[in-house]
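What follows is a set of notes on a single structure, which appears directly below.
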Amino acid sequence: MISIAICDDNRENRLSLRWLMESILEKQKMEHIIYEFSSGETLLPWMHKHHNEVDLLFLDIEMGKLNGMETAKTLRADSDMLQIVFVTGFSDYVFDGYSVGALDYLLKPAKREQLETILSRTLAKRCKDIGQIYSCHNGDTWYRIPYQEILYFESNRRKINCITTKRSYEFYGKLDEVAQELSGAEFVRIHQRYLVRADAIQQICGNEVQVGVQTLPISRSCHQQALLALTRRALKG
């Protein structure tokens, strides 16, 4: 599954790019979802609410009050994982894209070969990030959460809540399975219901662990393991 957003104040440009992108994805038999936005003002609040739900963003530079470059700077301040491709009718801004870590730059109208290359680069980047990103989904919505944002996982019956510095994510699963997926990634089990990123532990006091602004219980059987994780964190400095 790949999630793509297109932001352009011209409806015909959005539809044209969407049609071409969908034809490529369907030919490759790749599951996908594509969102459309007509301005940076509508894109930014949605992206903030749906943090880590979009893999690739096609962003027009010449838009209304909030242009594409200003929009990209705001997005980049919130996430360095989002792949941004600028789409424009002018070549004047090519070098400006480097300031926000743009994946690429397309001149309108976009060509199929260019989009195929961008898709390949996006997927290659996603593969490279394996080992730094936790992937999960709730229905058709996929999340790719950087380890560095994760504070802890909480088990709630058949559901898991992933609590991060940005937001929380809910999905169906078992905490044992999550722990197995993250083995070797500096996550530590502190309780039957909690799996914590070791670097997020601030202190251990008695039978409680301070993680961010939350105080979580620690079971007796997990106490020594949590202390070792905190010690390793301190030594890493």
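Listed by first and then second residue, the pairs linking a residue in region 203-228 that is acidic (Asp, Glu) to a residue that is in a strand (DSSP E or B) and surrounded by fewer than 16 Cβ atoms within 10 Å (Cβ to Cβ), with Cβ atoms under 8 Å apart and 6 or more places separating them unless they lie on different chains, are Glu208/Thr215; Glu208/Pro217. Contact annotation: residue pairs with Cβ atoms under 6 Å, 6 or more positions apart or on different chains, pairing a residue in region 171-199 that is touching a residue at least 12 places away in the same chain (Cβ under 8 Å) with a partner that is assigned to a strand (DSSP E or B) and polar (S, T, N, Q), are Phe171/Asn138; Leu175/Ser155; Arg193/Ser155. Considering only region 180-223, state which residues are in contact with a helix residue (DSSP H, G or I) (Cβ under 9 Å, 6 or more places away or on another chain), over 14 Å from Phe153 (Cβ atoms), modelled with pLDDT of 85 or more and not polar (S, T, N, Q). The answer is Asp199, Ile218.
When region 109-138 is examined, which residues are found to be loosely packed, with under 15 Cβ neighbours inside 10 Å, at pLDDT below 90 and not aliphatic (A, V, I, L, M)? Listed by number, the residues that qualify are Pro109, Lys125, Cys127, Lys128, Asp129, Gly131, Gln132.
When each of Met69, Met81, Met63 is tested for being closer than 30 Å to Arg189 by Cβ, surrounded by 15 or more Cβ atoms within 10 Å (Cβ to Cβ), in contact with an Asp or Glu (Cβ under 9 Å, 6 or more places away or on another chain) and at pLDDT below 90, the lone residue that passes is Met81. Scan region 23-37 for residues that are within 19 Å of the chain's Cα centre (by Cα) and hydroxyl-bearing (Ser, Thr, Tyr) and the total you get is 1. Listed here are the strands (runs of 3 or more DSSP E) enclosed by region 151-237 that have at least 2 residues being under 19 Å from the mean Cα position of the chain (by Cα) and loosely packed, with under 14 Cβ neighbours inside 10 Å: 168-172.
Screening Val100 against (1) modelled with pLDDT under 85; (2) farther than 21 Å from His50 by Cβ leaves a single unmet condition, (2). Can you work out which of the residues in region 1-39 that are farther than 21 Å from Gln114 by Cα and in contact with a strand residue (DSSP E or B) (Cβ under 7 Å, 6 or more places away or on another chain) is surrounded by the fewest Cβ atoms within 10 Å (Cβ to Cβ)? Of everything passing the filter in region 1-39, Asp9 is surrounded by the fewest Cβ atoms within 10 Å (Cβ to Cβ). Screening Thr42, Thr74 for residues that are under 18 Å from the mean Cα position of the chain (by Cα) and open to solvent by 20 Å² or more (accessible area, probe 1.4 Å) leaves exactly one candidate, Thr74.
The values are calculated or read from the model by the stated rules, or taken from the named source; none is laboratory data. All figures in this text were calculated on a predicted structure; none of them were measured in a lab. For neighbour counting, all protein chains shown are included, and Cβ atoms are generated from backbone atoms with ideal geometry for every residue, glycine included. Calculation scope for accessible area: heavy atoms of the full protein, side chains included, ligands and nucleic acids excluded. Shrake-Rupley method; radii C 1.70, N 1.55, O 1.52, S 1.80 Å.
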